[in-house]
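**Q** Take this structure first; my questions come after.
The values are calculated or read from the model by the stated rules, or taken from the named source; none is laboratory data. Note that the structure is a prediction, hence the values are computed from the model and not measured. Here the Cβ positions follow ideal geometry from the backbone for every residue, glycine too, while neighbour counts run over all protein chains shown. Ligands, DNA and RNA are excluded from the accessible area calculation, which covers all protein heavy atoms including side chains. Shrake-Rupley method; radii C 1.70, N 1.55, O 1.52, S 1.80 Å.
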Amino acid sequence: MLVLVAPGQGAQTPGFLTPWLDLPGAADRIAAWSGAIGLDLAHYGTKADADEIRDTAVAQPLLVAAGLLSAAALGEVAPGAVAGHSVGEITAAVFAGVLEDTAALGFVRTRGLAMAEAAAVTETGMSAVLGGDPEQVVAHLEKLGLTPANVNGAGQIVAAGTAEQLAALAENRPEKARVIALKVAGAFHTHHMEPAVAKLQEAAAELAVADPAVPYVSNKDGQTVTTGAEVISRLVGQVANPVRWDLCMENFKERGVTALIEVCPGGTLTGLAKRALPGVQTLALKTPDDLDAARTLLAEHQA
């Protein structure tokens, strides 16, 4: 059984879209999406520097577009389940047939702008905490006023909060843990993002939604969501609530997953899976050179 997953913000790197635009029809598809949402995805995916694509309003549509483009290049895919990390859940909603691709990009464009606006109110950010006892790490973060915004499993928890709170964490780390500041422009999945929720509710009301055609695993709680309305409701609330990727991986394990493919820009979620799902074959789509291996994996493991 194979699962198809999509990464979240922070996975993007300068120029990562460049090789994908050489595929037949890819440049035209990106141009059409760019026109639909008023953002030059080709420019940001090929020529922009790290600071430009760190901008939340740019990064989020760029990640969804890259994920959809790379998945389309695989051809026919019949995964046993789909899931996404943070903004990757919108990509996964397209994989599941809940949203049409252009509508998903319009929604993620609204999401990115709303979250960027919310992040501008207070100087906030996120830091990865690697290692340590998970319960002790969470207690330590809460003592500092930080939120465990991403509980990723495999010994990784991402803390989010104000610049001052994160500075205190860097000075006072949990026992047996390392702290690494992340290149994201806000405290995502915390109360700091509450202003974005109302804007997403308005945008969601305009969406044409279908029920998932394949199992859709939500990172709110690792549960399988069976209606399109519930998927969208969770996408709206998700921006101000923690991501529980650890519980998604528990769901995969219970389903008997044997392989996992992470769409472009892959790497983050396959890295977690290698540590948390031993014995599961993983493949990250980084460039089109990975497509043949991915197709082989699909042929061996998909439903």
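**Q** Among the residues of the range 254-271, is any in contact with a helix residue (DSSP H, G or I) (Cβ under 7 Å, 6 or more places away or on another chain), among the hydrophobic types (A, V, I, L, M, F, W, C), touching a residue at least 24 places away in the same chain (Cβ under 8 Å) and within 23 Å of GLU194 (Cβ to Cβ)? Explain how you work it out, then say what you get.
**A** So in the range 254-271, the residues in contact with a helix residue (DSSP H, G or I) (Cβ under 7 Å, 6 or more places away or on another chain) come out as 258-265.
From the residues that got through so far, the ones that are among the hydrophobic types (A, V, I, L, M, F, W, C) too are 259-261, 263-264.
Still in the running and touching a residue at least 24 places away in the same chain (Cβ under 8 Å): 259-261, 263-264.
Applying the additional criterion that residues be within 23 Å of GLU194 (Cβ to Cβ) yields none.
So far as the range 254-271 goes, no, none of its residues is in contact with a helix residue (DSSP H, G or I) (Cβ under 7 Å, 6 or more places away or on another chain), among the hydrophobic types (A, V, I, L, M, F, W, C), touching a residue at least 24 places away in the same chain (Cβ under 8 Å) and within 23 Å of GLU194 (Cβ to Cβ).
**Q** Note down all Cβ pairs under 7 Å where the first residue falls in the range 200-228 and is under 18 Å from ASN251 (Cα atoms) and without any contact (Cβ under 8 Å) to a residue 60 or more places away in the chain, the second is among the basic types (Lys, Arg) and assigned to a loop (DSSP other than H, G, I, E, B), and they're at least six residues apart or on different chains.
**A** Taking only residues 6 or more apart or on different chains, the pairs are LYS220/ARG244; ASP221/ARG244; GLY222/ARG244.
**Q** Turning to a different aspect of this structure: Tell me which residues, restricted to the range 289-303, are out of contact with any strand residue (DSSP E or B) (no Cβ under 6 Å at 6 or more places or on another chain) and open to solvent by less than 30 Å² (accessible area, probe 1.4 Å).
**A** Once the filter is applied, which keeps residues that are out of contact with any strand residue (DSSP E or B) (no Cβ under 6 Å at 6 or more places or on another chain) and open to solvent by less than 30 Å² (accessible area, probe 1.4 Å), the range 289-303 yields LEU291, LEU298.
**Q** Given (1) at pLDDT below 95; (2) in contact with a Cys (Cβ under 8 Å, 6 or more places away or on another chain), where does GLY222 come up short, assuming only one miss?
**A** It is condition (1) that GLY222 fails.
**Q** Condition first: part of a loop (DSSP other than H, G, I, E, B) and either at pLDDT 95 or above or of a type in the set (Asp, Glu) (or both). Can you find one or more residues in the range 50-60 that meet it?
**A** yes
**Q** Looking only at residues that are within 19 Å of LEU17 (Cβ to Cβ) and of a type in the set (Val, Ile, Thr) in the range 244-269, which one is surrounded by the most Cβ atoms within 10 Å (Cβ to Cβ)?
**A** Taking the candidates together, the pick is VAL263.
**Q** Which condition does ALA78 not pass, out of (1) over 30 Å from GLN302 (Cα atoms); (2) at pLDDT below 95, if it passes all the others?
**A** Condition (1) is where ALA78 drops out.
**Q** Which one is surrounded by the fewest Cβ atoms within 10 Å (Cβ to Cβ) among residues in the range 7-46 that are among the hydrophobic types (A, V, I, L, M, F, W, C) and assigned to a loop (DSSP other than H, G, I, E, B)?
**A** LEU23
**Q** Can you tell me which residues in the range 101-124 are in contact with a Leu (Cβ under 9 Å, 6 or more places away or on another chain) and either free of Cβ contacts under 8 Å to residues at least 24 places away in the same chain or surrounded by fewer than 22 Cβ atoms within 10 Å (Cβ to Cβ) (or both)?
**A** ASP101, ALA103, GLY106, ARG109, THR110
Listed here are the residues, each with its yes/no results for (1) buried (at least 24 other Cβ atoms within 10 Å of the Cβ); (2) over 30 Å from PRO288 (Cα atoms); (3) touching a Lys or Arg at 6+ places or on another chain (Cβ under 9 Å).
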{"site": "GLN60", "(1), (2), (3)": "yes, no, yes"}
{"site": "ALA83", "(1), (2), (3)": "yes, no, no"}
{"site": "THR91", "(1), (2), (3)": "yes, no, no"}
{"site": "LEU141", "(1), (2), (3)": "no, yes, no"}
{"site": "LEU146", "(1), (2), (3)": "yes, yes, no"}
